[in-house]
Amino acid sequence: MSIAICRTTRLPETDAEDRVRVQPKSTAICQTLEALCAVTVNLPIGTNLGLLHFLWMQVSGMLLPHRGALFPALQAIGFLPRATRRAWAAFRYGAWEIADLFWAFEGYVQGQGHWQAASYAGYKPIPVDLTAYWRPTLRGWLTKHYHAVAGKALPAVVVGIIARVGRVQDQRVAIPTQLVRTDPEDPSEASLQRKVIRQAAKTLAQDEIPVLDAGFKIGQLQGADLSRYVVRLAKNFTARQNELPPAKGRGRKAEYGGVIRPLSRTRKNRRLPATPPDRTETWIENNMIFRAEFWDHLVLPEAKVHKDNQTFTVAAIYDPRFQEPWLLACPLMLSGQALRGLYRDRWPVEQVPLAAKQMLGGARQFVSASESCQRLCELNLLAGAITTYLAATLPAVPTGFWDRQPKPTPGRLRRLLARTPFPQTYPLPEQLRKKNSVFDHLPKGFQGHWRTKQTANTG
């Protein structure tokens, strides 16, 4: 869905006190407003306008200088108190779901025609990941996530992300399609992993394949009855063959297959050699020689040999630029080049939380209500996705005269938007307007509670 805002002739119905007479002067501002309107236009009247203002505050990075404080950030983009309160009310109490906003954003991206889905061996990568917004001082919050600097798990709002990956010109861009919350009855990270895997499996098309990092386990994927996936493995990963080893003639009959160790390692000053691969592939890409080693028809170490076992293939992808290979698992018989392309396209999903938390200031939050904590993180990820996509489609915006070779990055776009208050005189679609109250004719504030004496009828 594409909304041609630039050709609309009607001005929005806003209060005179809230009007900031700033006309947009660049294509970047016009395109940003077009994208935000496409995301919010179908929401209930009043809520859509307030959420439009709230998202503009986020994409312009006003949370950064105001350290996550919502009201000062909203006022910084040109709103007076009444409009500020309406934007906050739309965020906190508005009748909207983040799934509808992401669905609208995906429709907007498809309608623009700049983004082209990636595909390898007939499969489109669907990155699945978790991201955390740290809230170590938030009381009563049960969800935790490991913090590398602290060296332990800290309270955090953890969100599961499911996305699609494509290209905009020369850039790989992830378009999130779903966000998954933790289960309030089981706030553990393992529970969220299972939930996001089930959600990805439920919405998976025939030509799509989930791609996951090493935080997810093969057992979780098999438990969700996923018939296809690509997951990174730990360097010390071991598996077993789904066939019995040759009988030795004595002792109990074997129930487990032979141990497969794809990579050699040292344990207790003893070197454990790698198992020879079943097959090897080499190919040339970007004038570099890549090599892949495969071990086929494997099962998890605790699985006994059985014909009904869910088997998978382990591939070690050797890149000449790195010392350590990628160790990947996939139940499909894909080539090494296809596996490398699929897992490489998992990385764009990391850009969305990076832009949202660091570049837009979502890492600092000062909300405490449970629903507000969830909603603010979800809207922040939406703003990060919008900013990343728009930066890839728009011409590079120089930061200043010194920026002689600018690149189309979300940070440069955010710096441009930060210098522009919300252009309230910009023409908006008819649906984006303030909701008319049926009580506008009544006195407000203390005047509404003021009691007047009635004159006694002495006639």
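The values are calculated or read from the model by the stated rules, or taken from the named source; none is laboratory data. Just so you know, these numbers come straight off a predicted model, no measurement behind them. When we count neighbours, we look across all protein chains shown, and the Cβ atoms used for this are built from the backbone with ideal geometry, even at glycine.
Summary of computed values
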| quantity | calculated |
| --- | --- |
| Contacts under 9 angstrom Cβ, first residue in region 42-57 being at positive phi, partner assigned to a helix (DSSP H, G or I) and not hydrophobic (A, V, I, L, M, F, W, C), 6 or more apart | Gly46/Arg86 |
| Region 352-371, residues that are surrounded by 19 or more Cβ atoms within 10 Å (Cβ to Cβ) and within 17 Å of the chain's Cα centre (by Cα) | Val352, Pro353, Ala355, Ala356, Lys357, Met359, Leu360, Gly361, Gly362 |
| Residue within region 84-101 that is buried (at least 18 other Cβ atoms within 10 Å of the Cβ) and closer than 19 Å to Pro353 by Cα present | yes |
| Residues of region 1-55 that turn out to be modelled with pLDDT under 50, in a helix (DSSP H, G or I) and surrounded by 15 or more Cβ atoms within 10 Å (Cβ to Cβ), as a count | 2 |
| Scan of region 400-414 for residues that are more than 16 Å from Ser26 (Cα to Cα) and without any contact (Cβ under 8 Å) to a residue 24 or more places away in the chain, ordered by number | Phe401, Trp402, Asp403, Arg404, Gln405, Pro406, Lys407, Thr409 |
| Count of residues meeting criterion [without any contact (Cβ under 8 Å) to a residue 40 or more places away in the chain, surrounded by 10 or more Cβ atoms within 10 Å (Cβ to Cβ) and assigned to a loop (DSSP other than H, G, I, E, B)] in region 255-270 | 3 |
| One residue from Phe322, Phe290 being closer than 26 Å to Val173 by Cα and at pLDDT below 95 | Phe322 |
| Number of the exception - Val397 against (1) in a loop (DSSP other than H, G, I, E, B); (2) aliphatic (A, V, I, L, M); (3) over 20 Å from Leu64 (Cα atoms); (4) touching a residue at least 40 places away in the same chain (Cβ under 8 Å) | (3) |
| Sole residue being more than 26 Å from Leu360 (Cα to Cα) and surrounded by 18 or more Cβ atoms within 10 Å (Cβ to Cβ), chosen from Ile161, Ile197 | Ile197 |
| Tally of residues being in a loop (DSSP other than H, G, I, E, B) and exposed (fewer than 13 other Cβ atoms within 10 Å of the Cβ) across region 274-285 | 1 |
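Here's the yes/no breakdown for (1) over 19 Å from the mean Cα position of the chain (by Cα); (2) over 24 Å from Trp326 (Cα atoms); (3) without any contact (Cβ under 8 Å) to a residue 12 or more places away in the chain:
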residue: Lys202; (1), (2), (3): no, yes, yes
residue: Glu208; (1), (2), (3): no, no, no
residue: Asp213; (1), (2), (3): no, no, no
residue: Leu221; (1), (2), (3): yes, no, no
residue: Leu226; (1), (2), (3): yes, no, no
residue: Val230; (1), (2), (3): no, no, no
residue: Ala239; (1), (2), (3): yes, no, no
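Condition check ((1) at pLDDT 85 or above; (2) on the phi > 0 side of the Ramachandran plot; (3) under 23 Å from the mean Cα position of the chain (by Cα); (4) not in a loop (DSSP other than H, G, I, E, B)) across all residues:
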site	(1), (2), (3), (4)
Gly384	yes, no, yes, yes
Leu390	yes, no, yes, yes
Phe401	yes, no, no, no
Gly411	yes, no, yes, yes
Phe422	yes, no, no, no
Tyr426	no, no, no, no
Pro429	yes, no, no, no
Leu432	no, no, no, no
Arg451	no, no, no, no
